[in-house]
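Step one of this worksheet: look at the structure below.
The values are calculated or read from the model by the stated rules, or taken from the named source; none is laboratory data. Everything numeric in this text was worked out from a predicted model, so none of it was measured. Counting neighbours? That spans all protein chains shown, and the Cβs are built from the backbone with ideal geometry, glycine included.
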């Protein structure tokens, strides 16, 4: 009978990964844990995948319900080992035990919810729930074993090392963001500027240097500095820090498209826009995209602008011939779209970039200049 119950639980785990992921994400958002967790959906899926793999391992490792004993060596238990490894990873990132255990309770609840949603037979449901509870008990004991065995000096050292790693990771992505040649602007959920890269910032102030949007004073203090520089130099400096400006303040020419994007609840939207910036006309291909943040803490919109002015100018200059061309079978003149007949040279020159230089072909040379060896055989 136990073998049958195990197979039922295995089947539930194999077919409900998406359901479990959505369920734990809903719990995390509702209870506020998403603020401290990953913003990407795939990270939540991987956490469910890891937990389900641990439960499947327990189903194969234990003959029956994995009950607890007072003398058990949890460091050798493959299920508790999963908890020990997870505890190490999360503790290094500065997550506290109470925060970690709190979220783990909702992971447990998600699996229990799945069983109650899928299993109708009371005896099968009871077995599956008890098995899940004991597996999570072992995982949580693994957390406690790892956390309690770590001294404060070791914990501080681990956090220092990982803080350096995270700082380097942040600097790497900041450098990549600043190096993107196209203007990129990130808006928060209130439609205010959260950040922008160097190419975007230079649309408003050509004097800015890389990193000026990050390594700067507060907005109010920065505005004071800019005003002081303008007074002392007599030149208009313009803002060097754009954080918290509303989109309509900084980019009023995008207001209508942006309202359409949000009113229609679009995931992505692309269009072309001609603007005048610093007395120069530009044509941009602009794309709005919603943030992929499932935690809602970085919920907002990404705006990417591609300068296609040169491309549009080049397209406007290119002239091409296409369609049927009416040509006289005798004199070879061509009739234009207004009904006038033109020499072929004139017709082609007016409608393309081609230029003519006159020569003579071998047949005509023999016919009209028989006494001259213009072309040798």
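Structure above, values below:
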{"item": "Some residue of the range 173-186 being outside the structural domain of residue 99 (by TED's automatic domain parsing), in a helix (DSSP H, G or I) and at pLDDT below 80", "result": "no"}
{"item": "Count - residues of the range 23-51 that are under 21 Å from the mean Cα position of the chain (by Cα), closer than 17 Å to residue 98 by Cβ and part of a loop (DSSP other than H, G, I, E, B)", "result": "1"}
{"item": "Lone qualifier among 345, 257 - being outside any strand (DSSP E or B) and at pLDDT 90 or above", "result": "257"}
{"item": "Residue within the range 112-123 that is buried (at least 18 other Cβ atoms within 10 Å of the Cβ), modelled with pLDDT of 90 or more and in a helix (DSSP H, G or I) present", "result": "yes"}
{"item": "Condition check for residue 270: crowded, with 16+ Cβ neighbours inside 10 Å and either in contact with a helix residue (DSSP H, G or I) (Cβ under 7 Å, 6 or more places away or on another chain) or at pLDDT 80 or above (or both)", "result": "no"}
{"item": "Residue identified as assigned by TED's automatic domain parsing to the domain that holds residue 129 and either modelled with pLDDT under 80 or in contact with a helix residue (DSSP H, G or I) (Cβ under 7 Å, 6 or more places away or on another chain) (or both) among 62, 74", "result": "74"}
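Rundown of residues vs (1) touching a helix residue (DSSP H, G or I) at 6+ places or on another chain (Cβ under 9 Å); (2) part of a strand (DSSP E or B); (3) not assigned by TED's automatic domain parsing to the domain that holds residue 252, yes/no style:
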position: 281; (1), (2), (3): yes, yes, no
position: 284; (1), (2), (3): yes, yes, no
position: 287; (1), (2), (3): no, yes, no
position: 294; (1), (2), (3): yes, no, no
position: 332; (1), (2), (3): yes, no, yes
